[in-house]
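Single-structure report; data block below.
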Amino acid sequence: EIDGVYSGITNTSIRFAGAFNQAVYKDFTNAGQPVENAFTGASAYRDITGQTLPGASKWTANIGLDYRKPVSGAHVFHTSFNTVYRSAYNSDVALSSYAWVGDSTITDFSIGLGKKDQSFDASFVVKNAFNNQQYQNMTASPSTGLSYTPATPRWIGVMFTAKN
């Protein structure tokens, strides 16, 4: 795992992080069968020792940039972006072959103007700027079939913050 920030450029900070994750079952000899084995006559349990845990991406990475520049006496211009990458993972506790969630990259962006004393700020914000449609979770059940959690939709907005 690595996590850091570089601030050697005037008014700019660059954040970065990355991780390699080898999360596997050390010993799990009585795991339930996935949905695709429900009606095959397979025993009720199976050995998934050594297989990757559900929800565990092997690779994750994050990079972000913040730029802040004083303008006029009491104001600050600012902009930022952040990009997160997550490699494919299986989201089902029974490790169903139907429950794989593919690689995903999501980028957020903002630009704004505020007061130096942080008493007021207005920002234009874009979440999921490139409209990544990768669903976030998939589960499979013999009784309910497949269900999933859809992708976080792109949204665009204006954000005002104030304090006294």
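The values are calculated or read from the model by the stated rules, or taken from the named source; none is laboratory data. This one's a predicted model, so the numbers in the text were calculated from it and none came from an experiment. Note that we place each Cβ from the backbone using ideal geometry, even for glycine, and neighbour counts take in every protein chain shown. We work out accessible area using only protein heavy atoms, side chains counted, and drop any ligands, DNA or RNA first. Shrake-Rupley method; radii C 1.70, N 1.55, O 1.52, S 1.80 Å.
The set of residues from region 1-14 being open to solvent by 100 Å² or more (accessible area, probe 1.4 Å) and closer than 30 Å to Thr52 by Cα comprises Glu1, Asp3. Which residues, taken from region 1-31, are in contact with a Leu (Cβ under 8 Å, 6 or more places away or on another chain), modelled with pLDDT of 95 or more and part of a strand (DSSP E or B)? Result: Thr12, Ser13, Ile14, Arg15, Val24. Filtering Ser147, Ser110 for residues that are in contact with a strand residue (DSSP E or B) (Cβ under 6 Å, 6 or more places away or on another chain), open to solvent by 50 Å² or more (accessible area, probe 1.4 Å) and of a type in the set (Gly, Ala, Ser) leaves a single hit, Ser147.
Let me confirm something: among Ala23, Ala42, Ala94, Ala17, which residue is open to solvent by less than 70 Å² (accessible area, probe 1.4 Å) and in contact with a helix residue (DSSP H, G or I) (Cβ under 8 Å, 6 or more places away or on another chain)? Result: Ala94 is the single residue among Ala23, Ala42, Ala94, Ala17 that is open to solvent by less than 70 Å² (accessible area, probe 1.4 Å) and in contact with a helix residue (DSSP H, G or I) (Cβ under 8 Å, 6 or more places away or on another chain).
Residue pairs whose Cβ atoms lie under 7 Å apart, sitting 6 or more positions apart in sequence or on different chains, and linking a residue in region 12-31 that is among the acidic types (Asp, Glu) to a partner that is part of a loop (DSSP other than H, G, I, E, B), are Asp27/Thr49.
Exactly one residue out of Ser91, Ser96, Ser43, Ser87 is farther than 22 Å from Ser110 by Cα, at pLDDT 95 or above and of a type outside the set (Val, Ile, Thr): that is Ser87. Taking region 51-66 as the range and being part of a loop (DSSP other than H, G, I, E, B) and either at negative phi or open to solvent by 50 Å² or more (accessible area, probe 1.4 Å) (or both) as the test, the residues that pass are Gln51, Leu53, Pro54, Ala56, Ser57, Lys58.
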